[in-house]
Amino acid sequence: MTGRAAILLAVAAATAGSGCGRRGDDAVTLWHAYGGDERVALEEVAARWNQAHPDHTLRLVAVPYDSFADKITSAIPNGNGPDLFVYSHDRIGDWVASGLLEPIEFWIDEPTADAWADDALAAMAYQGSLWGLPLAVKSLALYVRTDLVATPPRTTDELLAMTPALRARGVFPLSYPVDDLYGHAPWLHGFGGVALDASGKAAIATPSAVAAAAFARQLVEREVVPRDADVALTATLFNEGKAAMAMSGPWFQGDIAEGVPWMVTTLPMVSATGRPAAPFLGAEGVLMSARAHDKVAAIEVMLALAGDESATLRATRARQVVPNRRAYAGELAHDAVLGAFRRQLDHTVPMPAVPLMRAVWTPYKNALGSVVSGAARPTDALERAAGEIRAYEAP
C-alpha cells in the first residue's frame, strides 16, 4: 500500500458511521478570509456551483484574517461555526486536538487523491488522518533579475562562484532574510536537516542542521547575501539592481517595480549533499467542521472547490499557485511564473502542523542570528535553541 493510500484508508471505518444525512435545500456555509482578486475568484467559483446545484447552495462568509482562527476555535464547539472554512494547514494540529475538524478519508479514494501534488495533500494530513483538501500552496523560489544573471545557478557552488564578479559591481548575488527559519529552511532541508523529527520532537541541533547553519554564515561572510536583509530590504535591493536574485514566495511579485526584468525558477541544489534546496510548503486548504450539518453536501463542495476547474480559475484570476496536477497540462501550461512555483513544489517540505512548531521560530531565529553574525558557533547556538524548545515539548 502506498503512503497516500494508507493516509486515505486510515480512518475510513471510523468515519463511515458519522452523521451524513442530507437536509433538503440547506446551504453549505463556508468561511474565508480572502480579499481582492482571491475573493473575486472564490465568489465566481461559488456562483458557478450555485447555478449548477440549487438544491444545496454554497454561502460564503468573509471573516477578517486577524480574528479568523479565534472565531473558528470559539464558534464551532458552540454550534455557531461554518460547515467548511479555508485556512492554512499549520493550525490543523491544534484544531484536531480540540475536536473541531472532521476527517474526510471516507470520501476520498486514491484515484481522487492523485489529482493533487503529494506534498500538498500530505500537508492536509495529521496523525494518520486527512483533514482537508489543498486549494493553494506557497513556498519560496528563486527570483532572478535577467539583466544581471544570464543563467541562474543550478547548484550552491555555482552561486558562490558568481559572487566575485557581482560584488565587484556592488551587487549581492542573493538576498533573503538570512536569520529567519522560513528563509533558511531550503538550506536546512537541502543539507538533510529538519525542524521537527517524525515523532514531532525538536531536531534542530543535528549534524545536518549544524552544517546548514554554517553554510548560512558562509553566505554572509563571502558577501553572497547581505547580513541585515529582511523582506522589505530584499525588495528594495532587487528593484534597485543591488541584489541579482531574491529568495521569496508568490507574494513577492507585487513588490517588483515596473520595468524590472525578472523571471522565477527553482532553487539550486546543495552541492555538499547533492540534494535540492527545499523550502517549507504552506498549504491553504478547505477544511470541514466536525459540526457540519450536512457532511455529504459539504464534501461535494470541497471536491468542487479543490477540483481542477476551480483551481484553473483561481490561478488565472487570482494568481494562486494551485497544486492540481492536471491544471498545468491545460490552461496553465504556458504560465512561466506559476509553472516555476509548481516545479518547486516537487522539492518542498510541508511545514509541521503540530502545535510545538510555534515554539520553534523564535529560538531558531535567535540561534541563526548569532551564527551568521559570528557571535556563536553553529553547534552551540543550535543546542541552546533546542534546549529552549524542549521546555515546550509534551512529556
Seminar exercise, completed: By the Cα gyration tensor axes a ≥ b ≥ c (a/c under 1.5 gives rounded; else a/b larger than b/c gives prolate, otherwise oblate), the shape of segment 264-395 is oblate
Problem set entry | Cα gyration tensor category, rounded, prolate or oblate, for segment 41-124 with a/c compared to 1.5 | oblate
Problem set entry | Ellipticity estimate at 222 nm from DSSP helix runs (n ≥ 4, -39,500 (n - 2.57)) divided over the chain, nearest 500 | -11500 deg cm²/dmol
For this session: Please give the contour-minus-distance gain from ARG384 to ASP70: 0.36 nm per residue of separation, less the Cα-Cα distance, rounded to one decimal in nm.
Result: 109.8 nm
Problem set entry | Extension gain from GLN218 to ASP346, taking 0.36 nm per residue of separation minus the Cα-Cα distance | 43.4 nm
Exercise. With contacts defined as alpha carbon pairs under 8 Å and 6 or more residues apart, what's the relative contact order of the chain in percent?
Worked result: 27
For this session: Distance check, please: which entries in LYS138/LYS295; LYS71/LYS295; LYS201/LYS365 exceed 25 angstrom between their Cα atoms?
Result: LYS138/LYS295
For this session: Express in whole angstrom the spacing between the alpha-carbon centres of segment 170-220 and segment 81-155.
Result: 22
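At most 12 other Cβ atoms within 10 Å plus a DSSP loop assignment makes a site exposed; report the longest stretch of the chain without any exposed trypsin sites (Lys or Arg not before Pro).
So the longest stretch without any such site is 170-395.
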For this session: Determine the shape class of the chain: with a ≥ b ≥ c the square roots of the Cα gyration tensor eigenvalues, call it rounded for a/c under 1.5, and otherwise prolate if a/b is greater than b/c, oblate otherwise.
Result: prolate
Problem set entry | For a label point 7 Å along the Cα-to-beta-carbon line of ASP26, residues of segment 36-69 with backbone N under 13 Å | 56-57
Seminar exercise, completed: Scoring segment 290-365 by relative contact order with C-alpha pairs under 8 Å, at least six apart, yields a percentage of 18
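Which length gain, in nm to one decimal place, applies between GLU43 and TRP361 when the Cα-Cα distance is subtracted from 0.36 nm times their residue separation?
111.0 nm
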Problem set entry | Residue-count net charge about PRO82 - beta-carbon cut-off 10 Å; Lys, Arg +1, Asp, Glu -1 | +2
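Where a number appears in this text, it was derived from the coordinates with a stated rule and is not lab data. Just so it is clear, the structure is predicted and the values come from calculations on it, not from any experiment. Cβ sites come from the backbone with ideal geometry, for glycine too, and all protein chains shown count toward neighbours.
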